[in-house]
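The values are calculated or read from the model by the stated rules, or taken from the named source; none is laboratory data. Because the structure is a prediction, the values reported are computed rather than measured. Methodologically, a virtual Cβ is constructed for each residue, glycine included, from the backbone with ideal geometry; neighbour enumeration extends over all protein chains shown.
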Amino acid sequence: MKRREFIINSAVALGGAALLSGCNKKELIKSQNEVVKRKYKNIEVPLLALGCMRLPMKGGEIDQVELNRMVDYCIEHGANYFDTAYMYVDEKSELAIGKSLKRYNRKDFLLADKSPIYKMKTKDDVRKIFNEQLKKCQVDYFDFYMCHNINKNTVDTYRSVEMVEELKKLKKEGKIKYLGFSFHGTPQILKEVVNDYNWDFAQLQINYLDWDVVKAQEQYDIVQKKGIPVIVMEPLRGGGLVNLSEKPLKELKSNSTYTPAAFGLRWAASRENVVTVLSGMSNLEQVKENIETFIDFKPMTKEEEELALKIAKIIQSQGEINCTACKYCLEVCPRGINIPALFALYNQYKVTNNKMLFKIYYESLGEEERADKCINCNLCNKNCPQNLEIPKLLAKIEDEYKKVSTLERK
């Protein structure tokens, strides 16, 4: 595809502050009918990227036709950054995005992938799996590549297999353009990881609810002080900041003309050290809405920042379970319990207090997916980026279901 000519609008800035540490030019780049871009080293990166963890599904499989439409629309509008991972969509995401992007010249898109630490036994596995990923994605190199999901349970393996050293070799060979890491751990571990290598970027979970809840601001500050640019994941908290309950939605509508999705994405993109914001879009309609937000991107005002803080406090006061539906818990649950679905159901129930719907939806789950099947093995706790005590929460949900069922019988 032909490259469009970019028109640099130097008048656009975030509060007059520098937009991005590590960039050659601190500016937003606008082009007619395309999402805004930011200068990152020697390339231009769209401020909105397609995250490939929640792809369109049809009949239990990835809907390749719909995905192709989404990719086409993204590239047509300059949102040409795509992020996948080995374990996404039951290890099928890489294959699907590879098929879709194969229809384009390699220079027309930026592709990010991740080294799955949980699969590593020896340092030889690092290169072996990397080559497997290249083949699945049908490319010769990755623009952005990272050590995936560093946390308290993976950091020892990440070091024992000498992952950074092996990936540095691949970078030197030209198979990785920019090397970084994604992180779901504590600030203490992050302080160690940022010193392991002269990282090109860090991928962090950043949204206006988690800014305080899971110490996202503290993590953001750690990498910013180190001069490491940030790629944002979970800007809408797994859809939780799109499907707002009545009180926070009313607050947003009373003080803003933006949709919940646009508001949340703009908040994440307005952090000064952010390169791009990943959005796990699942259909073409979502792609169109989000791209429209970034074609006419306007950084958050002071008043909007205060509004986001107020909405976050309302959500927190409603006692929602801090789950982003990343599904990492499902990788290790020996019983196949649908943990993210149960948490989402419980959160909705606590907001609406609709006991009948809670009972109906709970019973609509397969018996093997329900909370009472938990055997308290605690494997899920070790895999949870949010450090939730999942078995205890499941027991709480099961108790609530029993109460609702008892009330109905009375």
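Could you list, in sequence order, the residues of the stretch 359-410 that are closer than 30 Å to D212 by Cα, assigned to a helix (DSSP H, G or I) and of a type outside the set (D, E, K, R)?
Answer for the stretch 359-410, where residues must be closer than 30 Å to D212 by Cα, assigned to a helix (DSSP H, G or I) and of a type outside the set (D, E, K, R): A371, L379, C380, N381, N383, I390, P391, L393, L394, A395, I397.
Does A312 count as under 18 Å from Q386 (Cα atoms), in contact (Cβ under 8 Å) with a residue 40 or more places away in the chain and assigned by TED's automatic domain parsing to the domain that holds R266? Explain how you work it out, then say what you get.
On the way: under 18 Å from Q386 (Cα atoms): yes; in contact (Cβ under 8 Å) with a residue 40 or more places away in the chain: yes; assigned by TED's automatic domain parsing to the domain that holds R266: yes.
Spelling it out, A312 is indeed under 18 Å from Q386 (Cα atoms), in contact (Cβ under 8 Å) with a residue 40 or more places away in the chain and assigned by TED's automatic domain parsing to the domain that holds R266.
Those residues that are within 18 Å of Q203 (Cβ to Cβ) and of a type in the set (D, E, K, R), I need them from the stretch 72-87; list them, please.
The answer is D83, and nothing else.
Out of all the residues in the stretch 218-229, is one or more in contact (Cβ under 8 Å) with a residue 40 or more places away in the chain and of a type in the set (D, E, K, R)?
No, the stretch 218-229 contains no residue that is in contact (Cβ under 8 Å) with a residue 40 or more places away in the chain and of a type in the set (D, E, K, R).
Taking the stated definitions as given, is L345 touching a residue at least 60 places away in the same chain (Cβ under 8 Å) and not in a loop (DSSP other than H, G, I, E, B)?
Details: touching a residue at least 60 places away in the same chain (Cβ under 8 Å): no; not in a loop (DSSP other than H, G, I, E, B): yes.
No; evaluated as a whole, the condition is false for this residue.
Given the conditions (1) modelled with pLDDT under 95; (2) surrounded by fewer than 14 Cβ atoms within 10 Å (Cβ to Cβ); (3) not β-branched (V, I, T); (4) not in a loop (DSSP other than H, G, I, E, B), report the number of the one that C329 does not fulfil.
Result: C329 passes all but (2).
Of everything in the stretch 26-55 that's among the aliphatic types (A, V, I, L, M) and more than 14 Å from G78 (Cα to Cα), which residue is modelled with the highest pLDDT?
The residue in question is L55.
Please work out if A341 is in contact with a Phe, Trp or Tyr (Cβ under 6 Å, 6 or more places away or on another chain) and not aromatic (F, W, Y).
no
Looking only at residues that are free of Cβ contacts under 8 Å to residues at least 60 places away in the same chain and more than 16 Å from A96 (Cα to Cα) in the stretch 29-75, which one is surrounded by the most Cβ atoms within 10 Å (Cβ to Cβ)?
Looking at the filtered set, the residue picked out is K37.
So, G180, is that one on the phi < 0 side of the Ramachandran plot, at pLDDT 95 or above and either assigned to a strand (DSSP E or B) or not assigned by TED's automatic domain parsing to the domain that holds Q217 (or both) or not?
Yes: the conditions hold for G180.
On the basis of being in the same structural domain as R38 (by TED's automatic domain parsing), assigned to a loop (DSSP other than H, G, I, E, B) and more than 25 Å from E285 (Cβ to Cβ), does K107 make the cut?
No.
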